[in-house]
Each structure stands twice: as C-alpha cells, then as structure tokens.
C-alpha cells in the first residue's frame, strides 16, 4: 500500500491535468519524486479510466510463465548488455508480458544460463592464426621445464569499477563478448620471468621500455638468474614480439651471452594465452584489485609481496600447462582459447 493518502494521488493528477510538468508538481507539493511519477504513469497507463488511483492487488507466490512467454524471455539471451531489469521493462513495453526482473533472472538460470563477465581477448588475423599453429607444430614435443617465460605487465588499479555492468547471461564463456578497459588510478609497469622451479625478481620500469632499458634488465636480472638456476645453460628463454624484445641490439645481446631464445619469427603475435606468466600476472592483479588503495607506494608494495609469495608448486602448474595450451591452440584452429 502507498504510504501517502488517497487524496494525494488525486492532487498529483489534478495538477498534471492543469498542464504542469512533473518537476513542477514535485516542487509545489514537496511529494517524493517517485510518488509523483508513479501516479501520473498509472493515470496514463490506464487511459484515464476510473480505477487508476487504486492500488493493484499484489501477486502471491512466484510468477509462472507460459511456454510462449518463456520463449520470449529467452530470446533476450541473444541480446547482449541488457540487465534483467531492462529485459523485464522491454518485455512489458514491446510484448505486453508483465514479469519482474527476478522472474527474468530465474528463467535464465532454470534454462542453464549464468551471469558471466566478458573477457578481454586479443584480435587475431588469419596470418596470426597460422603463426600460432606453426608454433604449436614446431614446439609440440618441447621439454617445457627447460624454458624460461618472461613478459612485462602494466599493473593497473581500476577506478570505480562496477563489475555488475559487465555481466552477460550465457551458457558458457565462449558466448561472452570482450570488455573494453576502463581508466586506472595507479599504474606499476613491471618485468618478470618464471622457470619451472624459480622466478626472477620483479623489475619495475617507467614509461615505454626501450631496447637499452630491456637489455639492462636482462643483464641485471636474467643472467644472474640463469647462472644460479641453470648452470648447464640447458634452457631456452621466451619473450614476445614487443619492439624492445625483437630489436637487433637485443638479439645481439642474447646471442653474445650464449642465451638460447625463441626466435622472434617463431613466437606468434598477440598470443598471451600461450604464455603461462600471463596467468600469474592476472592472479596477482585480481588479488590486489580486491582492496582499495589510497597510495601508489602501498599498491606497489602489495604487488611485490604477492610476487614473492609465488610457490614452486604454482610455477610447476603454470609451466606444466604448456602441453595443454598447445593442444587447445590446435583444437581452436589457431584462435584464442581458455584453459
């Protein structure tokens, strides 16, 4: 039941019939905006017929849909970026089906759909896919425990991220379109590398990493790391196709220090799903993003702490996933995949 008197409803509509706007009525009566809008809508919806000012009887129990109504509701799973509230509103306006957003959500769930978040994916051309398949063929039988995987990542703290705004109802993640990035408050670009049993230090850098800056990181971090953990030098270094990685001076540095590496022509472009360190970056990002940060220094310290906590068992699992990554890449015809 309404909290206001019956006469208040009549007063609202009387002023509306005088030609006053809803905003004017709110100001003059000091009534709640929602109350004013509700009874003007009730008057218009019922075509000015008697009875508009009465409370509608409340429905008892859950709304049961007919099969035809259920089909109309489920059609909205094909329309992306619509909340259950919007779906319920459109069904009422366009189809004349009066259902609540809770009924819409329950119908989705009962039909096997789940509210899934859109994942960011790389755009791949046919040439990229061929490169990925070629990589999988060449390294199909590689001894992955003798590889070091590396990469840079710009750890970013999202500002005012509302995760409810990126939900899509679908039966599996393959049906969910990607989500564009938002703005960030704090940023902490870092380089790191992982092997089967150990990892390098986390190396922060500022701005765009140049070839000289990258070589300096390799000299200070990669070489000591390899000397400590791979004394027989029986290991292959992985890096993606970033300009600082494929620069001639970078390749010359690696070769002059007898570091075996995956040649730039072999590693496929736009392929973070083939690099297990990307999963580690994502795990750390997810952990630190659950907290609210007030300072840059606190954000950076938390990232370094999480990197330090990474265990050998976690590294074993990451490196050990490479055969499955290669298999999934082949199965997808070179397209992106999800383990």
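Laboratory data are not the source of any read-out in this text; all were calculated from the coordinates shown. Keep in mind that what you see is a predicted model, and the values were worked out from it rather than measured. Virtual Cβ from ideal backbone geometry, glycine too; neighbours counted across all protein chains shown.
Between segment 86-127 and segment 236-288, how far is it from one alpha carbon centroid to the other, in angstrom?
39 Å
What shape does segment 67-112 take by its C-alpha gyration tensor, where a ≥ b ≥ c are the square roots of the eigenvalues and a/c under 1.5 counts as rounded, a/b above b/c as prolate, and the rest as oblate?
rounded
So for the pair residue 228, residue 18, with labels modelled 7 Å out along Cα→Cβ, what separation do we get in nm?
8.2 nm
Return 315, 116 ranked ascending by Cβ neighbour count within 10 Å, so the fewest neighbours appear first.
Arranged by neighbour count, lowest to highest, 315, 116 become 116, 315.
Between residue 86 and residue 7, how high is the FRET efficiency from 1/(1 + (r/R0)^6) when r is the Cβ-Cβ distance and R₀ = 41 Å? Nearest 0.05.
With R0 = 41 Å, the Cβ-Cβ based efficiency is 0.75.
Arrange the following residues from fewest to most other Cβ atoms within 10 Å of their Cβ: 37, 16.
If I rank by nearby Cβ atoms, fewest first, I get 37, 16.
So how tilted is helix 33-45 from the main axis of the chain? Cα-based, degrees 0 to 90, rounded to 10.
60 degrees
Counting only C-alpha contacts under 8 Å and six or more residues apart, can you give the relative contact order of the chain as a whole percent?
17 percent
Among bridges DSSP assigns within the chain, what percent are antiparallel (round to 5)?
Here the antiparallel bridges make up roughly 75 percent for the chain.
Using 0.36 nm per residue of separation minus the Cα-Cα distance, give me the extension gain between residue 127 and residue 257 in nm, one decimal.
43.6 nm
Determine the gain in length on full extension of the stretch residue 313-residue 120; use 0.36 nm per residue of separation and subtract their C-alpha separation, reporting nm with one decimal.
66.8 nm
Just one of [x] 215; [y] 158; [z] 149 is volume of the Cα convex hull per residue in Å³ calculated from these coordinates, so which is it?
Here the calculated entry is [x].
So for each of 207-216, 265-274 I average, over its residues, the number of other beta carbons within 10 Å; can you give me the resulting order with the highest mean first? Before the final figure, lay out each step's value.
Working: 207-216: 15.2, 265-274: 18.2.
By packing density, highest mean first, the sequence is 265-274, 207-216.
Remind me, relative contact order of segment 67-112 in percent, using alpha carbon pairs under 8 angstrom and six or more residues apart?
Numbers: 30 pairs, mean separation 18.0, N = 46.
Reported as a whole number, the value is 39 percent.
Compare 78, 34, 120 in a GNM of the chain, Cα atoms joined below 10 Å, and give the one with the largest fluctuation.
Fluctuation is largest for 34.
If you count, for each residue, the other Cβ atoms within 10 Å and average over each peptide, how do 241-249, 18-26, 188-196, 227-235 line up from highest to lowest? Walk me through the numbers on the way to the answer.
Working: 241-249: 15.3, 18-26: 13.4, 188-196: 21.2, 227-235: 11.6.
Highest-to-lowest ranking by the protection proxy: 188-196, 241-249, 18-26, 227-235.
Once the Cα atoms of helix 126-138 and of the chain are each reduced to a long axis, what angle between those two axes, in degrees from 0 to 90 to the nearest 10, is obtained?
Computed tilt is about 50 degrees.
Apply the a/c threshold of 1.5 to the C-alpha gyration tensor of segment 192-339 and tell me whether it is rounded, prolate or oblate. Could you put the intermediate results ahead of the total?
Numbers: a/c = 1.44, a/b = 1.10, b/c = 1.31.
In terms of gyration-tensor shape, rounded.
Angle, helix 277-289 long axis vs. longest principal axis of the chain, Cα atoms, 0 to 90°, nearest 10?
Result, in degrees: 40.
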